[in-house]
Amino acid sequence: MTATTTCGCPEGVAAMAPSRRALLAGASALGAAGATLALAGPAEAMTRLTFADAGYTGDTLVVLSFRGGIDGLSVVAPVGDPSYYTARPSIAIPQSRGLKLDARFALHPALAPLLPLYTSGKLAVVHAVGQPNPTRSHFTDMDEMERAAPGSSLRTGWLDRMVGATATPGPFAGTTMGSTTAPRSFLGDLTADLAMRSVDSFTLSGAWDAAETTRWTTALRALHEGPADQVTTPARTALDALSTAATLQTAGYTPANGAVYPNGGLADALKDTARLVKAGVGLRAVSIDSGNWDMHTDLGSSTGGWMFSQLSEVGKALAAFMTDLGAAADRVTLVTMSEFGRRVTENGSGGVDHGYGNFSFVLGGGVNGGSVYGTWPGLAPDQTQAGDLKATTDYRSVLAEVLEKRCRLTASTVLPGAPTTRLGLLKQKA
């Protein structure tokens, strides 16, 4: 979502490349997207979408993935743990600069726009969260995080299973926003997901005017007559989605409540997500990526540098998202994830290498915010896991609570084998 800075980690660069499946998914969506425009007017499209989402009353779940392994010890700094300063003499957040959350933790100062959300109870933090079987590999940990079924033979992604567990999902039920490539979490055949760079750019590639759109529409409709659902569903999903997208494009969009989004791909994706939530198009799960977090070198300080710049966009974008949503935030829950955290001790290049335990933000109208959840294991050498922050909370416990309390789903059908303990992060949706 932002310009990539060289990090000296070849695996991290390769991990950011789109998969073949993702490319095909994106091409499919774009290829079919123009069809509905010629077949259904705006009123017809909105009627169909409203009907299609009639079976779901849970929150829209927004999953924001920090790709590259974000350093949770910089984002939510354990300023009350003396070992933090011993391990990070040059990059630690000074107590005087951190935005105090409680006696132990402080937000990075670049995240100042999020502090009002924390104090008003809309933002909760879970610290020392992670996967059951860490490897410090971008590829392996990202795949496992998005499969979310360790120890099982399941190969599908957990968001595909989540959307598949809801009744009558419509074209926008599972949407990747900000990219034409879908993440592995949507891998599966339970639903057909969309992947779009933006609402306004969601058009049929190659159809440069109305006449060409009609020709492509006719051809795509004919092409997808007859085959099995597995073949035609992705195309039909994209065809249906375009009709609604066209309506939204014509209407335009102005963020509400004075919300001002910063420049950048993350902010654009969140703005379009708010736009779709308020339009009522049937969003159930949205995936958004934020990249460029693999900071082996030159992480920076609490006053500037790589981390500061990245977090500045995150803080402003999330705050604008919540402001823009207004009352609609009561039906949205956003969760952040990352494949792993970073080593406790800084390296000689002013960065931190791949580690284990990390943090998660949980944001929305149904959050019991204003607290840092989880059990803090400490950062002294004998409290770490081979030099990494231990993960005392399985990340699936966080997701399971969201699914149960806000999405009204049975977590075990989406996350087989997930722990049954809950942190009390969320209010039960009425």
Next item on the list: Filter region 298-318 down to residues that are among the charged types (D, E, K, R) and assigned to a helix (DSSP H, G or I) and give me whichever is surrounded by the most Cβ atoms within 10 Å (Cβ to Cβ).
Entry: Lys316
Notebook entry, point to check: Does Thr36 satisfy the criteria of being surrounded by fewer than 19 Cβ atoms within 10 Å (Cβ to Cβ) and either modelled with pLDDT under 50 or closer than 25 Å to Ala285 by Cα (or both)?
Noted result: no
Next item on the list: Please enumerate the residues belonging to region 355-380 that are β-branched (Val, Ile, Thr) and either free of Cβ contacts under 8 Å to residues at least 40 places away in the same chain or over 13 Å from Ser120 (Cα atoms) (or both).
Entry: Val362, Val372, Thr375
Item checked: Selected residue (only one of Ser90, Ser83 is closer than 22 Å to Phe308 by Cα, open to solvent by 10 Å² or more (accessible area, probe 1.4 Å) and polar (S, T, N, Q)) -> Ser90
Next item on the list: Would you check if Ala222 is surrounded by fewer than 23 Cβ atoms within 10 Å (Cβ to Cβ) and hydrophobic (A, V, I, L, M, F, W, C)?
Entry: yes
Note to self: When the residues of region 192-219 are narrowed to those that are aliphatic (A, V, I, L, M) and open to solvent by 50 Å² or more (accessible area, probe 1.4 Å), which ends up nearest to Lys278 (Cα to Cα)?
What the structure shows: Ala210
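Does Leu101 satisfy being over 21 Å from Asn347 (Cβ atoms) and in contact with a Phe, Trp or Tyr (Cβ under 7 Å, 6 or more places away or on another chain)?
So Leu101 passes the test.
Suppose we filter Ala103, Ala54 for residues that are open to solvent by 20 Å² or more (accessible area, probe 1.4 Å), over 24 Å from the mean Cα position of the chain (by Cα) and modelled with pLDDT of 95 or more; which single one remains?
Ala103
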Note to self: Which pairs turn up if I take residues in region 269-297 that are farther than 30 Å from Gly351 by Cβ and open to solvent by 10 Å² or more (accessible area, probe 1.4 Å) and look for partners that are outside any helix (DSSP H, G or I) and small (Gly, Ala, Ser) with beta carbon separation below 6 Å, at least 6 apart in sequence or on another chain?
What the structure shows: Asp272/Ser198
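Would you confirm whether or not region 367-387 contains a residue that is among the aliphatic types (A, V, I, L, M) and under 22 Å from the mean Cα position of the chain (by Cα)?
Here is the first cut: in region 367-387, the ones among the aliphatic types (A, V, I, L, M) are 367, 372, 379-380, 386.
Retained after the next criterion (residues that are under 22 Å from the mean Cα position of the chain (by Cα)): 367, 372.
Yes: region 367-387 contains one or more residues that are among the aliphatic types (A, V, I, L, M) and under 22 Å from the mean Cα position of the chain (by Cα).
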Next item on the list: Tell me, yes or no, whether region 330-353 has at least one residue that is at pLDDT 95 or above, aromatic (Phe, Trp, Tyr) and under 26 Å from Asp388 (Cα atoms).
Entry: yes
Next item on the list: Quick one: in region 155-191, of everything that is open to solvent by 20 Å² or more (accessible area, probe 1.4 Å) and hydrophobic (A, V, I, L, M, F, W, C), which residue is farthest from the chain's Cα centre (by Cα)?
Entry: Ala167
Notebook entry, point to check: Val352 versus (1) over 17 Å from His127 (Cα atoms); (2) open to solvent by 20 Å² or more (accessible area, probe 1.4 Å); (3) assigned to a loop (DSSP other than H, G, I, E, B): which is the lone unmet condition?
Noted result: (2)
Note to self: Tally up the residues in region 364-391 that are hydrophobic (A, V, I, L, M, F, W, C), under 22 Å from Leu117 (Cβ atoms) and touching a Gly at 6+ places or on another chain (Cβ under 8 Å), please.
What the structure shows: 1
Check: From the list Ala235, Ala241, which one is touching a residue at least 24 places away in the same chain (Cβ under 8 Å) and more than 27 Å from Ala327 (Cβ to Cβ)?
Finding: Ala235
Next item on the list: Under 6 Å between Cβ atoms, at least 6 apart or on separate chains: pull out the pairs that start in region 120-134 with a residue that is charged (D, E, K, R) and end on any residue that is part of a loop (DSSP other than H, G, I, E, B).
Entry: Lys122/Gly369
Check: Scanning for something open to solvent by 70 Å² or more (accessible area, probe 1.4 Å), at pLDDT 95 or above, assigned to a strand (DSSP E or B) and not hydroxyl-bearing (Ser, Thr, Tyr), does region 58-77 turn up at least one residue?
Finding: no
Notebook entry, point to check: Out of the residues in region 369-413 that are charged (D, E, K, R) and closer than 25 Å to Trp158 by Cα, which is surrounded by the most Cβ atoms within 10 Å (Cβ to Cβ)?
Noted result: Arg406
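The values are calculated or read from the model by the stated rules, or taken from the named source; none is laboratory data. If you're wondering where the values come from, they're calculated on a predicted model, not measured in any experiment. We place every Cβ from the backbone using ideal geometry, glycine too, and count neighbours over all the protein chains shown. Note: accessible area is taken over every heavy atom of the protein model, side chains too, but ligands, DNA and RNA are not part of it. Shrake-Rupley method; radii C 1.70, N 1.55, O 1.52, S 1.80 Å.
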